[in-house]
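Asker: Sharing a structure, written as structure tokens. Questions coming.
The values are calculated or read from the model by the stated rules, or taken from the named source; none is laboratory data. Everything quoted here is computed from the prediction, not taken from an experiment. Cβ sites come from the backbone with ideal geometry, for glycine too, and all protein chains shown count toward neighbours. Just so you know, the surface numbers come from the protein's heavy atoms only, side chains and all, with ligands and any DNA or RNA stripped out. Shrake-Rupley method; radii C 1.70, N 1.55, O 1.52, S 1.80 Å.
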Amino acid sequence: MSILNADLHCHSVVSDGTLTPEELAARAAANGVQLWSLTDHDEISGQHRAAAAARALGMRYLTGTEISVTFADQTVHIIGLGFDADDAHMREGLAQTRSGRDQRAREMAEQLDRAGIPGAYEGARRYVGNPDLISRTHFARFLVDAGVCRDTNEVFHRYLVEGKPGYAPHNWASLKSAVQWITGAGGMAIIAHPARYRFTANEEFALFHEFKAHGGTGVEVVTGSHTAAEYLTYGDAAREFGLAASRGSDFHSPGESHTDLGQLPFLPGSLTPVWELVADRIQ
Ligand code: AMP
Ligand code: MN
Ligand code: MN
Ligand code: MN
């Protein structure tokens, strides 16, 4: 085992979490996290706050983000860690990635309206902490609080996913661009929660192969999105592709997330932890 309580994946109000970067830092520290990263979707504007809060609490910190990518007609998430949060090229790339979200949200709301749920755009907006970052999670919170669904899990079964009302297809960044923004800013790219995608074996192979060819270096193995069996599957994939392994809760909210900050098994000792490869970027 690699006995470091590293949590390198979570979300604040800067994207679709419900806690501020400072509140997350306090929760992570209280849960015994030793190395932390805030990885908001397509956003890095919380990075300086998160790093300062981590420092004040005696936690080590890596800059982070989770970039939305379209690969083989599906959305894939690529985590960036240890990059320069002031890098202009990366900031432009992320701004570009965020730019289609408002129009997409309007299309989602139109579909929900046709399905008999009016006012979803304005409804979802009330949950948004960052005007540039309206996400399906904000729609899910609106649908739960409006009494349409019992919880966000039910929302993502009945709405907002392909084939259901409230799904608007979207073209995110390319895999190559996302990896290059991260590595160009001195950071390390990591495939987030690979078990969540619905790829064929060939498509998954292509994802790992192309990711590696573009300069990607890691894969999430122990994450709140994986089962224990999936830790083994993707531990094997890490070895097969020569990738380092990452660990993160993907915590969003105390009321919604079943895995709390830092509360997951350690990485197996047979894998190279991603933090060993960015040791010089740890703050
Ligand atoms: P978006 O980037 O707007 O497509 O929203 C994606 C976000 O929706 C993810 O980061 C999760 O926070 C949330 N999400 C997606 N699928 C599910 C699910 N099945 N259960 C709960 N949350 C989900
Ligand atoms: Mn999210
Ligand atoms: Mn994700
Ligand atoms: Mn996430």
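Asker: Which residue, of Leu271, Leu243, Leu267, Leu277, is over 25 Å from Asp16 (Cα atoms) and open to solvent by 60 Å² or more (accessible area, probe 1.4 Å)?
Answerer: It is Leu277.
Asker: Considering region 222-240 alone, what residues qualify as being hydrophobic (A, V, I, L, M, F, W, C) and surrounded by fewer than 16 Cβ atoms within 10 Å (Cβ to Cβ)?
Answerer: Matches in region 222-240: Ala228, Ala229, Leu232.
Asker: Shifting gears a bit: Of all the helices (runs of 4 or more DSSP H) wholly in region 1-119, which have at least 3 residues that are open to solvent by 20 Å² or more (accessible area, probe 1.4 Å) and basic (Lys, Arg)?
Answerer: 101-114
Asker: Follow-up. All but one of (1) in contact with a helix residue (DSSP H, G or I) (Cβ under 7 Å, 6 or more places away or on another chain); (2) within 16 Å of ligand 1 (Cβ to nearest atom); (3) in the same structural domain as Thr272 (by TED's automatic domain parsing) hold for Gly224; state the number of the condition that does not hold.
Answerer: Of (1) in contact with a helix residue (DSSP H, G or I) (Cβ under 7 Å, 6 or more places away or on another chain); (2) within 16 Å of ligand 1 (Cβ to nearest atom); (3) in the same structural domain as Thr272 (by TED's automatic domain parsing), only one is false for Gly224: (1).
Asker: Among the numbered criteria (1) within 16 Å of ligand 4 (Cβ to nearest atom); (2) part of a helix (DSSP H, G or I), which single criterion is violated by Gly262?
Answerer: (2)
Asker: May I ask you to list pairs of residues, at least six apart or on different chains, whose Cβ atoms are under 7 Å apart, with the first in region 66-81 being outside the structural domain of Cys10 (by TED's automatic domain parsing) and the second being open to solvent by less than 10 Å² (accessible area, probe 1.4 Å) and assigned to a strand (DSSP E or B)?
Answerer: Partner pairs satisfying both residue conditions: none exist.
Asker: Keeping to region 194-221, report how many residues are out of contact with any helix residue (DSSP H, G or I) (no Cβ under 9 Å at 6 or more places or on another chain) and surrounded by 23 or more Cβ atoms within 10 Å (Cβ to Cβ).
Answerer: Matching residues across region 194-221 total 0.
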